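Only one structure is covered here, and it is reproduced in the block below.
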Protein chains: 2
Amino acid sequence: MKRVKLIVSYDGTNYCGWQLQQNGVTVEEVLNKTISGLVGEEIAVIGASRTDSGVHALGNVAVFDTNSRIPSEKMSFALNQRLPEDIRIQHSCEVASDWHPRYCDTRKTYEYRILNRKFSVPTERLYSHFFYYPLDIKAMQQAAAYLVGEHDFKSFCSARSQVENTVRTIYFLDVIKEGDMIRIRINGNGFLYNMVRIIVGTLLKVGTGMYPPEHMKEILDAKDRRMAGPKAEAKGLTLMEIEYL
Amino acid sequence: MKRVKLIVSYDGTNYCGWQLQQNGVTVEEVLNKTISGLVGEEIAVIGASRTDSGVHALGNVAVFDTNSRIPSEKMSFALNQRLPEDIRIQHSCEVASDWHPRYCDTRKTYEYRILNRKFSVPTERLYSHFFYYPLDIKAMQQAAAYLVGEHDFKSFCSARSQVENTVRTIYFLDVIKEGDMIRIRINGNGFLYNMVRIIVGTLLKVGTGMYPPEHMKEILDAKDRRMAGPKAEAKGLTLMEIEYL
C-alpha cells in the first residue's frame, strides 16, 4: 500500500464544489470514480481544500492510498487521459503513508479576479467578477494593508461557520491592476469559511468609496460578520497554490 | 432611417462562427434576433469579419439600419440586457448611411494564445491551444519576421479559398512569452481565409525545431499551401480589434 499525492487543477464552473454531496457532481466524486477506474480499487481521496461551488483551482492537493503498480509519478499522465477536460492533475508523487494534506502547516495562495470596465468581456466571464463601477485601486491597497499580519478574522468568516479559533495570519494581500483586470492575491496560513470572498466584497466597498480605507481596521476590530461587506461571487476565485512547510 | 455601428465581443465556444448557416447557432443569427426584438423591425446585420466556428472576438464590428428611436449610443446597454452572456456589445454609435464595415481600409489585430506546459490548465482550455512540446520562442520570432511587410500569402491561404489577389501586408507579428502562455499578435491590412491559423501552425513547426526559421521564407516564396504547416485549432484565436483608417 502506498499513498499518492496529487496536485489538482479544475474549472469549477460545472461543479458543486470539491466535497461529495447529494445534489450535483463534485470534483471529489469525479476524482474518486476516475482513480477507482484506473487502479481497480475503491478509492476515496482526501482533499486539502474543500473549495465552494463555482470556485476554481490551479493547485489544490489530494491524497489516496492504493496497491496499484502504476508508478506514482505516472499517475498524472494516466489520470489525465481519463479525466474530463475541466479537471487536470498537474503532478503526482508518493508521500509517507501518514502524510495528511490538511493536518500540516501550510501557506495557501488565492487569486480573485475583478474585470473592471464598462461592459463585460465574454471570454473572461467564467473566471472573473464583472464590476462596472470605477474602483479606486490605491484605496483598496490601503485597506488591504490593515489585514496583513496575525489577526482575529471573525468579521470575515461566514456566520454559519462553527470554527472556534478565528485567528489567522495573512502574509501578503496584493491588489494589482493590469489594464481592466484587477487581481487580488492573498497568501496566508489558513482561511476561514468564505474569508477570501468576504475580504474581496469588503475591498469592493472601499474601492467604490462606500467605506474609507481606514474602516477596514474598525471592521477587523469589531469581530462581527455584519460589519464586513458581502461575499464576492465564487467564479472570480481561484485557489492557486498550497505550500507545505 | 439610421445606420448603427456595433463593436461586438463574443466567446466563440458555443457558436458555429459568425455567419448565418443551417446547422447550428451563429453569432450573426443571435444578433439579428436580439436586435429585431429590441427595435421591433426585421434586422439583418452586416458583419466586418466572418470568424470561423470556435474563434473568439473582442472587437468584431457590425452595422444595421433601423428607424428605432432608441439613441444609437444607448443601443449597447439595451442589447446587453437581452443578449446571452457569451455575446456583449462594447460600443454603439451612429455612422453614415453608406458606411460599410467590409469595404473600408482597415487594420485588424488577431491574438493566438498557446499554453505551453506539461499539462493543460482547465481554466485556460477554452481560450488557448494546449501544446506540450517545448517551444523555441527565439526561433519562432525569427521565422515570424520573414512575414512582416507586403507579401503574397498564397502559401498561408486555405486551398478552398477562391480569392484572386493573395497579396497582403502584415504590420507586426509578435511572439510574446509570459510564463507558460505564448501570445502571437498579428496586425495587418487584411487576412486570407485561415491565414492566421496557418501562420500559427507553421510557427509551431518552427518552435519544435521541425522547420528552421529560414524555412519560413521558402514557404512564402513557394506560394503553395502544401508547403506551410497545418492550421492551428480555432479556440486559440481571438479577433482583437478592427481599426478603420
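Bear in mind that the values in this text are calculations on the coordinates, not laboratory data. Remember, predicted model here, so these are calculated numbers, not experimental data. Note that we place each Cβ from the backbone using ideal geometry, even for glycine, and neighbour counts take in every protein chain shown.
Among B:K108/B:K231; A:K2/A:K108; B:K118/B:K231; A:K108/B:K177; A:K74/A:K108; A:K177/A:K223, which pairs are too far apart, with a Cα-Cα distance over 24 Å? Display every interim value, and only then the final one.
Details: B:K108/B:K231 19 Å; A:K2/A:K108 26 Å; B:K118/B:K231 22 Å; A:K108/B:K177 27 Å; A:K74/A:K108 26 Å; A:K177/A:K223 30 Å.
Distance filter (> 24 Å) returns A:K2/A:K108; A:K108/B:K177; A:K74/A:K108; A:K177/A:K223.
Apply the a/c threshold of 1.5 to the C-alpha gyration tensor of chain A and tell me whether it is rounded, prolate or oblate. Since a/c reaches 1.5 and a/b is larger than b/c, the shape of chain A is classed as prolate. Mean Kyte-Doolittle hydropathy of 0.0 or higher plus an axial Cα length of 20 Å or more: which whole DSSP H helices in chain A meet both? Length and hydropathy pass: none found.
From the helices alone, meaning DSSP H stretches of at least four residues, give me the mean residue ellipticity at 222 nm for chain A, per-run term -39500 (n - 2.57), in deg cm²/dmol to the nearest 500.
Values: 5 runs with 51 residues, N = 245.
Mean residue ellipticity at 222 nm (helix-derived): -6000 deg cm²/dmol.
Closest approach of a chain B Cβ to the axis relating B and A (residue, whole Å): B:L126, 4.
Each copy carries A:K74; placing its label point 7 Å along the C-beta direction from Cα gives inter-copy distances of 6.7 nm, listed from smallest up. Rounded to the nearest whole Hz, the Karplus-based 3J(HN,Hα) values (6.51 cos²θ - 1.76 cosθ + 1.60, θ = phi - 60°) of region A:163-168 follow the sequence 4, 8, 8, 9, 8, 9, with x at glycine and proline. Around the Cα centre of chain A, unit charges on the Cβ atoms of Lys, Arg, Asp and Glu (plus for the first two, minus for the last two) sum to a dipole of about 380 debye. FRET efficiency for the A:H215 to A:M181 pair, using the beta carbon distance and R₀ = 30 Å, is estimated at 0.75.
A dipole drawn for region A:90-203 from +1 and -1 charges on Cβ atoms has a positive end, and of A:H129, A:H100, A:I199 the residue lying farthest that way is A:H129.
Taking chain A as a Gaussian network of alpha-carbon nodes connected by springs under 10 Å, the highest mean-square fluctuation of the residues A:I170, A:I198, A:I70 belongs to A:I70. Using Cβ point charges alone (K and R +1, D and E -1), the dipole size of region A:10-138 about the Cα centre works out to roughly 540 debye. Amide hydrogen proximity for B:I43: with H placed 1.01 Å from N in the peptide plane, the residues at 5 or more positions away or on another chain lying under 5 Å are B:S36. Find the centroid of the Cα atoms in region B:1-28 and in region B:113-128, then give the distance between the two in whole Å. Region B:1-28 and region B:113-128 have Cα centres spaced 25 Å from each other.
Across the identical copies, the 7 Å label point of A:S161, projected outward along Cα→Cβ, sits 5.7 nm from its counterparts, in ascending order.
Say R0 is 22 Å: what FRET efficiency, to the nearest 0.05, do A:D174 and A:R117 get from their beta-carbon distance? Efficiency, from the Cβ-Cβ distance: 0.60. Applying both filters, DSSP loop and at most 13 other Cβ atoms within 10 Å, to the trypsin sites (Lys or Arg not before Pro) of region B:158-188 gives B:R160.
When averaged across all projection directions, what area in nm² does the alpha-carbon convex hull of region B:76-133 cover?
On the way: hull surface 27.2 nm².
Seen from a random direction, the Cα hull of region B:76-133 projects 6.8 nm² on average.
At R0 = 30 Å, how high is the FRET efficiency between B:A145 and B:S53 if r is their beta carbon distance? Nearest 0.05 is fine. E between B:A145 and B:S53, to the nearest 0.05, is 0.45.
Under 5 Å between amide hydrogens, built in the peptide plane, is the criterion, and for A:R117 it picks out A:F131 among residues at least 5 positions away or on other chains.
Listed by chain and number, the aspartates and glutamates whose C-alpha is less than 20 Å from the C-alpha of A:K138, apart from same-chain residues fewer than 8 away, are A:E111, A:D174, A:E178, A:D180, A:E214, A:E218. Summary for B:K177: label point 7 Å along Cα→Cβ; distances to the equivalent points in the other copies, ascending, 3.2 nm. The phi-based Karplus calculation (6.51 cos²θ - 1.76 cosθ + 1.60; θ = phi - 60°) puts the 3J(HN,Hα) values of region A:113-118 at 10, 10, 8, 10, 7, 5 Hz, whole numbers, x for Gly and Pro. Under a 5 Å amide H cut-off, with hydrogens placed 1.01 Å from N, A:H91 pairs with A:I7 among residues at least 5 apart or on other chains. The label-point distance for A:K33 and A:A222, in a model that sets each label 7 Å from Cα toward Cβ, rounds to 4.4 nm. Which residues does the label zone of B:A44 cover in region B:98-127, counting backbone N under 19 Å from a point 7 Å along Cα→Cβ? Under cut-off, by backbone N: B:98-103. Projecting the alpha carbon convex hull of the protein assembly as shown along each direction and taking the average yields 26.9 nm².
Based on the Cα gyration tensor of region B:1-64, what are the three equivalent ellipsoid semi-axes, each the root of five times an eigenvalue, rounded to whole Å and given largest first? Can you show the working numbers first?
Working: eigenvalues 76, 36, 16 Å².
So the three semi-axes of region B:1-64 are 20, 13, 9 Å.
Label positions at A:N189 and A:D152, each projected 7 Å from the Cα along the C-beta direction, are separated by 1.7 nm. Quick one: among A:D98, A:D180, A:D86, which has the greatest mean-square fluctuation in a GNM of chain A with alpha-carbon springs under 10 angstrom? With Cα springs under 10 Å in chain A, the top fluctuation among A:D98, A:D180, A:D86 is at A:D98.
Backbone phi angles across region B:103-108, fed through the Karplus curve with coefficients 6.51, -1.76 and 1.60 (θ = phi - 60°), yield HN-Hα couplings of 8, 9, 6, 9, 10, 10 Hz in residue order; Gly and Pro are listed as x.
First check a/c for region B:158-200, with a ≥ b ≥ c the square roots of the eigenvalues of its C-alpha gyration tensor; if it is under 1.5, answer rounded, and if not, answer prolate when a/b is larger than b/c or oblate otherwise.
Working: a/c = 5.12, a/b = 2.00, b/c = 2.56.
Taking the square roots of the gyration eigenvalues as a ≥ b ≥ c, region B:158-200 is oblate.
Which of the three applies to region B:176-245, rounded, prolate or oblate, going by the alpha-carbon gyration tensor with a ≥ b ≥ c and a/c under 1.5 meaning rounded? Please report the intermediate quantities before stating the final value.
Working: a/c = 1.86, a/b = 1.20, b/c = 1.56.
In terms of gyration-tensor shape, oblate.
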